[in-house]
1. Under 7 Å by Cβ, and 6 or more places apart or on different chains, what pairs join a residue from the stretch 24-44 that is within 18 Å of Glu8 (Cβ to Cβ) and open to solvent by 80 Å² or more (accessible area, probe 1.4 Å) with one that is part of a loop (DSSP other than H, G, I, E, B) and of a type outside the set (Phe, Trp, Tyr)?
2. Restricting the first residue to the stretch 70-83 and requiring it to be modelled with pLDDT of 70 or more and assigned to a strand (DSSP E or B), which pairs with a second residue that is open to solvent by less than 100 Å² (accessible area, probe 1.4 Å) and not hydroxyl-bearing (Ser, Thr, Tyr) meet a Cβ separation below 8 Å and a spacing of at least six or different chains?
3. Please go through the stretch 56-78 and give me each residue that is surrounded by 11 or more Cβ atoms within 10 Å (Cβ to Cβ) and within 18 Å of Gly32 (Cα to Cα), ordered by number.
4. Which residues, taken from the stretch 1-21, are surrounded by 11 or more Cβ atoms within 10 Å (Cβ to Cβ) and out of contact with any helix residue (DSSP H, G or I) (no Cβ under 9 Å at 6 or more places or on another chain)?
Amino acid sequence: MTVSHWTEADSNRAREIWSEHQQHHDVSEKLGQTAGIDPASGCIWFGESIEDVIAQRDADDSEAPLFFIRVGSATYYRKGGHR
């Protein structure tokens, strides 16, 4: 799977993996961290930034495209403000 082949189903699967992970693991220590989720394998990497997560994924000899979330937040990043 390459980034150009990413589908909404991949995003939905990553969200399911994250939901299941939270049901079985306490993530309160990871609030504010970045989580990178591989929807194909179910692997989740945690780090301080997207770059940190990618470095960990690369160290595991993986090139999987990842779905990123900010632990404890409904959105990873929101640009702009209200005028």
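The values are calculated or read from the model by the stated rules, or taken from the named source; none is laboratory data. Keep in mind that what you see is a predicted model, and the values were worked out from it rather than measured. Every residue, glycine among them, receives a Cβ derived from its backbone with ideal geometry; neighbour counts consider all protein chains shown. With ligands, DNA and RNA removed, areas are computed over all heavy atoms of the protein, side chains included. Shrake-Rupley method; radii C 1.70, N 1.55, O 1.52, S 1.80 Å.
1. Ala40/Met1; Ala40/Ala64
2. From the stretch 70-83, the pairs are Arg70/Gly32; Arg70/Gln33; Arg70/Ala35.
3. Of everything in the stretch 56-78, those that are surrounded by 11 or more Cβ atoms within 10 Å (Cβ to Cβ) and within 18 Å of Gly32 (Cα to Cα) turn out to be Gln56, Leu66, Phe67, Phe68, Ile69, Arg70, Val71, Gly72, Ser73, Tyr76.
4. Here is the first cut: in the stretch 1-21, the residues surrounded by 11 or more Cβ atoms within 10 Å (Cβ to Cβ) are 1, 6, 10-18, 20-21.
Trp6, Asp10, Ser11, Asn12, Arg13, Ala14, Arg15, Glu16, Ile17, Trp18, Glu20, His21 - these are the residues of the stretch 1-21 that are surrounded by 11 or more Cβ atoms within 10 Å (Cβ to Cβ) and out of contact with any helix residue (DSSP H, G or I) (no Cβ under 9 Å at 6 or more places or on another chain).
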